[in-house]
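These notes concern the structure reproduced below.
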Amino acid sequence: MKTNLNGTGVAVVTPFHNYGTIDFGSLEKVINHIINGGVDFIVGLGTTGEPATMTEDEQKAVMDVIIDNVNNRIPIVMGVGGNSTRAVVGKLKKIEDRNIDAILSVTPYYNKPNQKGIYSHFKSIASSTDLPIILYNVPGRTASNISADTVLKLANDFDNIVAVKEASGDLLQVMEILRNKPEDFKLFSGDDALTFPLMALGADGVISVVANAFPKDFSDMVRLFKSGDVAAAREIHYKLLPIIHQLFADGNPAGIKAAMEIMGLIKNNLRLPMVKVNKSVHLALEKLLAGYENTSS
């Protein structure tokens, strides 16, 4: 199974009202902002979208709004993961008829399964659906790393496991996957700051956080690199790098939501246990964004 996913994907935020309910109007605004910025695909209900704080009905409502507002303009990926294999399979059964192009499924968290358990988890998921699956490896959050050997075995054993979002920060592991992966299997950066160097190693693109705020610049960076204009891509990479650093200095999605409020895109509201970034990070973002706007004018 091949996937049409390539380039810049955006792990879209979920805006909230001051009183805690989902701000669907702002979600629609963000969707149009990132599509108009030229991104290649959108990822709903990923970590940045705070689905762990939502009820199942709220997750369905967010999915509905994303699907309706994207309206077939770009491909859609939905986050469907968890630390109970049976529960993940059950979720998949409920969305198989939806107009989505793939799912993003995180390595089971908290349980800390070994590699055999991780393989068996994704084997069960892949065997339960015809949807393309992107593995999501983010050991900094899950406390369990999916090894290069396990990624490669899954990629070779299941046609519908089509890609991995790699956020381990381990370049040796990334290179092992890229060196030995099947030709059609794709690797996406899961770290905005490492997207440029990972593409130099052969990555196919990124599932980005910063592209919520800067969809055009980040998409341009990826496209320029792919077209062979590495110098121009490098210039954008270094231009965005200080902002990316601050976005993650006090937690995600707290940083990107603070930046998007400064830019007038959404209100800076999160759901507990996530809270707003500290004052020093917020002030640093204000300064960087003001400077960024000045250099872009």
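A short reminder: the numbers here are calculations on the coordinates, not readings from a lab. Being a predicted model, the structure only gives us computed values, none of them experimental. Reconstructed Cβ throughout: ideal geometry from the backbone, glycine too, with neighbour counts over all protein chains shown.
Numbers below:
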item	result
Other-chain or far-sequence residues with amide H under 5 Å of SER208's (modelled H)	GLY9, VAL10, ALA11
³J(HN,Hα), Karplus 6.51/-1.76/1.60, whole Hz, each residue of segment 159-168, x for Gly, Pro	4, 8, 8, 10, 6, 9, 9, 9, 10, 7
Total charge dipole magnitude, segment 7-229, about the Cα centre, Cβ charges on Lys, Arg, Asp, Glu only, Debye to nearest 20	480 debye
Rel. contact order, % - alpha carbon contacts under 8 angstrom, at least six apart, segment 7-229	21 percent
Mean ellipticity per residue at 222 nm, deg cm²/dmol - from DSSP H runs of n ≥ 4 across the chain, formula -39500 (n - 2.57)	-15000 deg cm²/dmol
ASN83 long-range amide H proximity, modeled H, under 5 Å	TYR109
Antiparallel bridge percentage (DSSP; both residues within the chain; nearest 5)	5 percent
Quotient of Cα Rg and 2.2 N^0.38 Å for segment 148-272, N being how many residues it contains	1.15
Among the listed pairs LYS94/LYS226; LYS216/LYS276; LYS112/LYS181; LYS94/LYS276; LYS116/LYS186; LYS60/LYS216, those beyond 31 Å (Cα-Cα)	LYS94/LYS226; LYS94/LYS276
